[in-house]
1. For the stretch 66-121, enumerate the residues that are hydrophobic (A, V, I, L, M, F, W, C) and assigned to a loop (DSSP other than H, G, I, E, B).
2. Within the set of pairs 6+ apart or on separate chains, which have a first residue in the stretch 181-205 that is more than 19 Å from Thr161 (Cβ to Cβ), a second that is part of a helix (DSSP H, G or I) and not hydrophobic (A, V, I, L, M, F, W, C), and C-beta atoms under 7 Å apart?
3. Would you point out which residue out of Ile20, Ile43, Ile27 is modelled with pLDDT of 95 or more and more than 18 Å from Gly100 (Cα to Cα)?
4. In the stretch 15-65, what residues are of a type in the set (Asp, Glu) and under 22 Å from Lys116 (Cβ atoms)?
5. Can you name every residue in the stretch 178-205 that is in a loop (DSSP other than H, G, I, E, B) and either surrounded by 13 or more Cβ atoms within 10 Å (Cβ to Cβ) or modelled with pLDDT of 80 or more (or both)?
6. Sort out which residues of the stretch 121-147 are surrounded by 12 or more Cβ atoms within 10 Å (Cβ to Cβ), within 19 Å of His77 (Cα to Cα) and modelled with pLDDT of 75 or more, and write them in order of number.
7. In the stretch 148-167, what residues are assigned to a loop (DSSP other than H, G, I, E, B) and either outside the structural domain of Ala194 (by TED's automatic domain parsing) or buried (at least 16 other Cβ atoms within 10 Å of the Cβ) (or both)?
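The values are calculated or read from the model by the stated rules, or taken from the named source; none is laboratory data. Every value quoted in this text rests on a predicted model; they were computed, and no experiment measured them. Cβ placement follows ideal geometry from the backbone for every residue including glycine, while neighbour counts extend to all protein chains displayed.
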Amino acid sequence: MIKVAITDDQAIVRYGVSRILENEPDITISGVYAGGESLLTGIAQTLPDVVLLDIQMPGKNGVELAGIITKLYPTIHIIALTNNDSPEQARDMLKQGCLGYLLKDTEPRILIEAIKAVNKGDQYIYDDLKKQLLSMLSQTQDNVITRREKEILHYIVDGLTNQQIANQLFLSLRTVENHRNRLLQKLGVKNTAALVKLAMQKKLV
């Protein structure tokens, strides 16, 4: 039997989700909560297997609560159940230990499927969001500054010309120019002055 806690500040959502889960023979509801404080108090006593967690609630939001629950109760698995389909929001929740991320208009069978999956320790994210997260990860990796680029950036900030940098690093002038152009592109600036300013602001060197 999977013990599930439901947390949402909207009564109609709490009622609707409860009705769905009540009909499942493998699931029992350990508690229904309207906010973060009551949830934390309740799960300390009932220790559910899965928590369905709204993100935008008064007081502590879902991101904060997910971090607290994951730290205090590592055996409890969390599914974010929200109206927010932002990949950035999903990324933040997943970083805090959520295994599932679903929208509130999810079909009941998908919700049940997700609960059973995360209870086993598997991740469950709806397909459209999964594609967006993969795209975001790819873009992030594309924007990572390499060790060599950081080395060249350091010399640029020090005021060296491309030829001087090439001499220092035993590289061709063309290679240094290519690295400089990639730095401009990755950091989203148009000239060396802006590049130096941004590098100083973000403490990249």
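1. Ile76, Cys98, Leu99
2. These pairs meet every condition: Leu204/Lys150.
3. Numbers: Ile20 fails: more than 18 Å from Gly100 (Cα to Cα); Ile27 fails: more than 18 Å from Gly100 (Cα to Cα).
Result: Ile43 is the single residue among Ile20, Ile43, Ile27 that is modelled with pLDDT of 95 or more and more than 18 Å from Gly100 (Cα to Cα).
4. Hits for the stretch 15-65 are Glu22, Glu24, Asp26, Asp49, Asp54.
5. Filtering the stretch 178-205 for residues in a loop (DSSP other than H, G, I, E, B) gives 188-191, 202-205.
Within the stretch 178-205, Val189, Lys190, Asn191, Leu204, Val205 qualify.
6. Within the stretch 121-147, Asp122, Gln123, Tyr124, Ile125 meet the criteria.
7. Leu160
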